[in-house]
């Protein structure tokens, strides 16, 4: 089976690892007081998924015979614009731009 993971985020992401997705990248930049680069108009929609939900998807898929040979998209189910994510991170951290 194949599980396609969208944009995961969650507790214990390492802030110095730049390869762990855009949410982690934005938090790292904001914590440093740096600007968060959003290319285009910021209206690009992405689906983000909490890491515990990803773990649950793997566990459920591994227990299901019906999942064998299937492909699943694992996401949060709700699109959020990249600009909104950047704004939210800056608000939460109280730093960055």
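Quick note: the coordinates plus some simple rules give every number you see, no bench work behind them. Here the structure is a predicted model, which means the values were calculated and not measured. A quick note on method: Cβ atoms are made from the backbone with ideal geometry, for glycine too, and the neighbour counts reach across all protein chains shown.
Table for the structure above
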read-out	value
Sole residue being under 14 Å from residue 10 (Cα atoms) and either in contact with a strand residue (DSSP E or B) (Cβ under 9 Å, 6 or more places away or on another chain) or not in a loop (DSSP other than H, G, I, E, B) (or both), chosen from 72, 27	27
Yes/no for residue 77 being within 17 Å of the chain's Cα centre (by Cα) and on the phi > 0 side of the Ramachandran plot	yes
Given (1) in a helix (DSSP H, G or I); (2) surrounded by 11 or more Cβ atoms within 10 Å (Cβ to Cβ), index of the condition residue 66 fails	(2)
